[in-house]
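Below is one structure, written out as structure tokens; the observations come after it.
The values are calculated or read from the model by the stated rules, or taken from the named source; none is laboratory data. All values reported here derive from a predicted model rather than from experimental measurement. All Cβ positions, glycine included, derive from the backbone under ideal geometry; neighbour counts span all protein chains shown.
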Amino acid sequence: MLILGIESSCDETAAAVTRDGREVLSNVINTQIAIHKKFGGVVPEVASRRHIEVIDGVIDEALGEANVTFDDIDAIAVTYGPGLVGALLVGVSTAKALAYALNKPLIPVHHIKGHITANYVAHKDLEPPFVCLVASGGHSHIVYAEDYTHYEIMGRTRDDAAGEAFDKIARVLGLGYPGGPLIDKLAREGDPKAVAFPRVRMDGASLDFSFSGVKTAVLNYLHRLDQNGETYNKADIAASFQDAVTDVLCEHTIEAAMIKNSKTIAIAGGVAANSALRKKMTEEAGKKGIRVLYPEPVLCTDNAVMIACAGYYEYLNGTRADLTLNAVPSLRL
């Protein structure tokens, strides 16, 4: 079965064609990083307008790369939430138009489900159930994948997402945008134990996250040094901040796996590309006899491969949408 996937939830315009939920025939991503870098973050209106400009060309390129035509496609899958409403509407409107004109099934896909599904592409032997950490600029969830389409949320952020905190600290350190990869790179030159930034643990047995505290702690620490005219090593700050965030992500996710007696942890989302998180999760989970899986970096950030693959499993589950499908920016899992 060939699925055309369309993704436009934030600042990546993407299209892909997959076969049977695991094989990638094409993966085309038009990124807007250069456009938004001068603003220090994504500007929703600018992102929406750029999606409109390039989405047709991106879809044509994906079909060409896969060496297929619209006639060969069995269904069209599209991200309908969560995300930026204007950006989502471009992808949803395009997918509806194609489904109507081509008389093809339309499959709505939850963005977070897509991130989880990226692991099926990277690891052909992976099957549910397993525990997955989804960490990105907009999301920080611990999810138990019961099967290919049903998920239980075991923990989520109560304020900032992990990726959002990375971007904000990178901005304060003058590193630029997007912050995650830049902090990851700089942190390799620093001492992760140079500054003891806080690790937040919720009351009771909650596996929820909170990253606003560590973000504020870094801001206050730097402000105090600036007021006193003291110098500091940016690499040490980056490494110490990253260490605090990855400690919490790993601790909560491994605890979730222990609760579910899961011998597999998958990580997904943009923060899943962080080298320190991958290393720490693999080492700490390995001590418990738990294997850790993650996609290649290009499948960690927003892409349409994950949407097409998630769409395949939703299709098998009987999920369909009609032409009333709308963007849902705050869609819950």
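What do you reckon, is residue 221 without any contact (Cβ under 8 Å) to a residue 60 or more places away in the chain, more than 16 Å from residue 181 (Cβ to Cβ) and in a helix (DSSP H, G or I)?
On the way: without any contact (Cβ under 8 Å) to a residue 60 or more places away in the chain: yes; more than 16 Å from residue 181 (Cβ to Cβ): yes; in a helix (DSSP H, G or I): yes.
Yes.
From the list 104, 37, exactly one residue is basic (Lys, Arg) and in contact with a Gly (Cβ under 8 Å, 6 or more places away or on another chain). Which is it?
Details: 104 fails: in contact with a Gly (Cβ under 8 Å, 6 or more places away or on another chain).
That would be 37, the only listed residue that is basic (Lys, Arg) and in contact with a Gly (Cβ under 8 Å, 6 or more places away or on another chain).
Name the single residue, out of those in the stretch 260-292 being outside any helix (DSSP H, G or I) and under 18 Å from the mean Cα position of the chain (by Cα), that is farthest from residue 121 (Cα to Cα).
Taking the stretch 260-292 and keeping what is outside any helix (DSSP H, G or I), we get 261-269, 274, 287-292.
In the following step, the residues that additionally are under 18 Å from the mean Cα position of the chain (by Cα) were identified as 265-269, 274, 292.
On the way: 265: 15, 266: 12, 267: 13, 268: 12, 269: 14, 274: 19, 292: 15 Å.
Checked the stretch 260-292; the qualifying residue farthest from residue 121 (Cα to Cα) is 274.
Which of the residues belonging to the stretch 160-218 are in contact with a helix residue (DSSP H, G or I) (Cβ under 7 Å, 6 or more places away or on another chain), of a type in the set (Asp, Glu), part of a loop (DSSP other than H, G, I, E, B) and closer than 24 Å to residue 143 by Cβ?
160
Take the conditions buried (at least 20 other Cβ atoms within 10 Å of the Cβ) and part of a helix (DSSP H, G or I) and apply them to residue 257. Does it pass?
Working: buried (at least 20 other Cβ atoms within 10 Å of the Cβ): yes; part of a helix (DSSP H, G or I): yes.
Judged against the criteria, residue 257 is a match.
Between a residue in the stretch 277-298 that is farther than 27 Å from residue 309 by Cβ and any residue that is in a loop (DSSP other than H, G, I, E, B), which pairs come within a Cβ distance under 7 Å, given they are 6 or more apart or on different chains?
289/263
Would you confirm, using the coordinates I've provided, whether residue 213 is under 20 Å from residue 274 (Cβ atoms), surrounded by fewer than 18 Cβ atoms within 10 Å (Cβ to Cβ) and not hydrophobic (A, V, I, L, M, F, W, C)?
yes
I need a count of the residues in the stretch 1-39 that are modelled with pLDDT under 95, over 15 Å from residue 54 (Cβ atoms) and surrounded by 17 or more Cβ atoms within 10 Å (Cβ to Cβ).
Summing the residues that are modelled with pLDDT under 95, over 15 Å from residue 54 (Cβ atoms) and surrounded by 17 or more Cβ atoms within 10 Å (Cβ to Cβ) in the stretch 1-39 gives 1.
Can you name every residue in the stretch 252-273 that is in contact with a Pro (Cβ under 9 Å, 6 or more places away or on another chain) and either free of Cβ contacts under 8 Å to residues at least 40 places away in the same chain or closer than 15 Å to residue 139 by Cα (or both)? Quick ask: steps written out before the conclusion?
Here is the first cut: in the stretch 252-273, the residues in contact with a Pro (Cβ under 9 Å, 6 or more places away or on another chain) are 260, 262, 264, 266-268, 270, 272-273.
Selection gives 267, 268, 270, 272, 273.
Checking residue 149 against (1) closer than 21 Å to residue 83 by Cα; (2) more than 11 Å from the chain's Cα centre (by Cα); (3) free of Cβ contacts under 8 Å to residues at least 60 places away in the same chain, which test does it fail?
The single condition residue 149 does not satisfy is (3).
Does the stretch 224-233 include one or more residues that are out of contact with any Cys (no Cβ under 8 Å at 6 or more places or on another chain) and crowded, with 17+ Cβ neighbours inside 10 Å? Break it down into steps so the answer makes sense when it comes.
Just the residues of the stretch 224-233 that are out of contact with any Cys (no Cβ under 8 Å at 6 or more places or on another chain), to begin with: 224-233.
Of the ones still in play, those that are also crowded, with 17+ Cβ neighbours inside 10 Å are none.
For the stretch 224-233, residues out of contact with any Cys (no Cβ under 8 Å at 6 or more places or on another chain) and crowded, with 17+ Cβ neighbours inside 10 Å: absent.
Where residues in the stretch 74-95 are out of contact with any Asp or Glu (no Cβ under 9 Å at 6 or more places or on another chain) and surrounded by fewer than 20 Cβ atoms within 10 Å (Cβ to Cβ), which of them is farthest from residue 161 (Cα to Cα)?
74
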